[in-house]
1. Between the range 533-591 and the range 398-444, how many Å separate their Cα centres?
2. Could you report the range 279-413's accessible area per residue, 1.4 Å probe, as an integer in Å²?
3. Tell me, what % of the accessible area of the range 480-613 is carbon and sulfur with a 1.4 angstrom probe?
4. Can you tally the net charge around residue 468? Count Lys and Arg as +1, Asp and Glu as -1, for every other residue whose Cβ sits under 9 Å from the Cβ of residue 468.
5. For a test of the definition: using alpha carbon positions, the gyration tensor, and the 1.5 limit on a/c, classify the chain as rounded, prolate or oblate.
6. Taking all protein chains as present, what is the carbon and sulfur share of the accessible area of the range 15-104, in % to the nearest whole number, probe 1.4 Å?
7. Rounded, prolate or oblate: which fits the range 447-554, taking a ≥ b ≥ c as square roots of the Cα gyration tensor eigenvalues, rounded meaning a/c under 1.5, else prolate when a/b beats b/c?
8. How much accessible area per residue does the range 553-610 have, counting only protein heavy atoms and a probe of 1.4 Å, in square angstrom?
Amino acid sequence: MTNQGLNSSNVYGKVIQRFRRRMKRYVDAGPTPGAAASIVTSDGPLWSEGFGYNDLAKSGEVDAKTIFQIGSTTKLFTGLSFMLAVQDELVTLDDRLIDHWPEFRIHSRHGEKEREKITFRHLLSHRAGLPREPRVGGNFGNDVLYTFEEAVESLKDCWMIAPVNDRYYYSNIGFDTVAYALQKITGMDYPSWVKKKLGKSLSMETLRYGSIEALKEKNVAIGTENGIHHCEFAASVDYGCGDVWIGNADLAKILVLMLNEGSYNRSEVLQRELFHEMISPHFTKDEGFNYGLGVDIYGGFKPKIFGHGGGSIGYASTFYWTPEYDFGVSVQTNMESYEGAKKNPHTLGREVRKLLLQANGATLNRPQPEEFLQEKINAPIIEDFSRLAGFYAGLWNSRVFVRYREGRLYWDAGRRTEMTPKGNGFLLKSGNAVRFNFKSKKSKHPFSLTYVNPNWPAAELNLFKVQPVQPDTDAPAIKPNVAERISGIYKATYYGIEATFNLAKVENGQLYVHTIYGMTPAYPHKSIEGLFFTPKGETVTFEGNELWIENCKGVKWEDPVTELRTLIKKDPNHRLLGKWPLNQIATHLNQLGRKQEAREVRTIKRKLHSKKK
């Protein structure tokens, strides 16, 4: 539980002391075993400290050098590593992927040549049209051993979500593809390239790639789930999107680098021009919001915030910097969230941001729904609301249908709610605001909408109007015997450990599946049996007793109630017996019309968790 560089005389001294107490209370209260945090300015780290323990057994204390997995904060490393290759004139942002990986293949509903349009600018901006995960590895495939190369090369069995640059679609495999291509471009394995060009320049001692390398270290935090289970990886080698493992003191050096616009210890690591490429949106549709090159641009906030959060099963990473007030914050924990938590670990970083701004006499301003709808905008007066209807998609792979019926608009993101006209836009029943954006006052239709929810991490969520997948009239209908075989609940996992469940049901000949975004229809491919597409473009495939949704494999679960009862006797702390899995199982069974089984699962949950209280 050491601390480095604490300086109570600086302007942030009182903030640091207060935040140290907050971090200690957070860890002491459990169930998160350990955490580490840093606060920096452009002059260097002000403070780095560890709290709590490496694991549930308390086998070692966390310090500033304890290695944590940082999840998607890894993407910032990938952006930096690519731009260092650009600086060395090995590649450009507008090189096509196939120029460096001619064998690259992926299926596409938009023509087999679509893949040839993908550039590194598209990949690093989440605009290449690739799926979120591959068929091998990724969030859904860590229950068996695999290599980094096998994961990326499994794209040949995947389908593109959309045409290139059609929309923002967050893609882990897109960043892994950049890392894979860098191996071909540099002639080095990707982790070695990063350690040579970035790790060496910043004198990083703890930078590791993948669980196999990281878990060999003695001073490493072991990810945990619900304060009960350690997370166990068969493999975790997603180098480009989520598998940097690093100590907090070294991670703080990246913040110093970013606050100095590419320089560290007065030495230029990345040219300032290339640095600014990283923190800028690259497509006019983005209008200053959402994403740069491996960097989140938190649009709508004043002052402006840059960074990249990260989370995987068992780990959380909060990482951001605010140039206007010259500070950066990094917080890592070996638990991402837990059932019943009032505040997840990412909240810690937001709490200290508020304190640091207050120390500067400032506050973080974000639009409030009512105020947002009173702003003056350059837009036409729309009397025909049907022009606003359509399918909108964007940040965090969010999607919504805006539906028109009898003169009214409805917001349909899984549940339909009426949109009430207010000011320059609409209010939802939740109190959140929606405003449609037009290119000019002469435009007849919007190109995007902006959604404002004062409780979200993003101040403004921009969703762009895109063409959804439509039913193919030439596709064969689902036969009754096939519908009966398909319908059911399918047991799946994230990272091979966290339980999740896919759902499929057929109503009136139409297939519906339940994804992490809610229930959605899926339309059959006209000639490939067992292949379907959601309106957003994700694939749904059936292979024997397996259902794959968005490349997440689920195995059909014929009798969940009997298995749960058996688990109660054998292992009452099993992951499947947590509140959230039991809720999800009961909900899915109810949706399938298996109401008696749903009641039995709710009874199991009530008996188990009333005892724990």
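The values are calculated or read from the model by the stated rules, or taken from the named source; none is laboratory data. All of these numbers come straight from a predicted model, not from anything done at the bench. Cβ atoms come from the backbone with ideal geometry, glycine included; neighbour counts cover every protein chain shown. To get the accessible areas, we keep the full protein, side chains included, count just its heavy atoms, and leave off ligands, DNA and RNA. Shrake-Rupley method; radii C 1.70, N 1.55, O 1.52, S 1.80 Å.
1. So the two Cα centres are separated by 34 Å.
2. Normalised by residue count, the accessible surface of the range 279-413 is 42 Å².
3. Carbon and sulfur: 49 percent of the exposed surface of the range 480-613.
4. +2
5. It comes out rounded by the Cα gyration axes.
6. For the range 15-104, the apolar C and S fraction of the accessible surface comes to 44 percent.
7. Oblate, because a/c is 1.5 or more while a/b does not exceed b/c.
8. Value returned for the range 553-610: 54 Å² of accessible area per residue.
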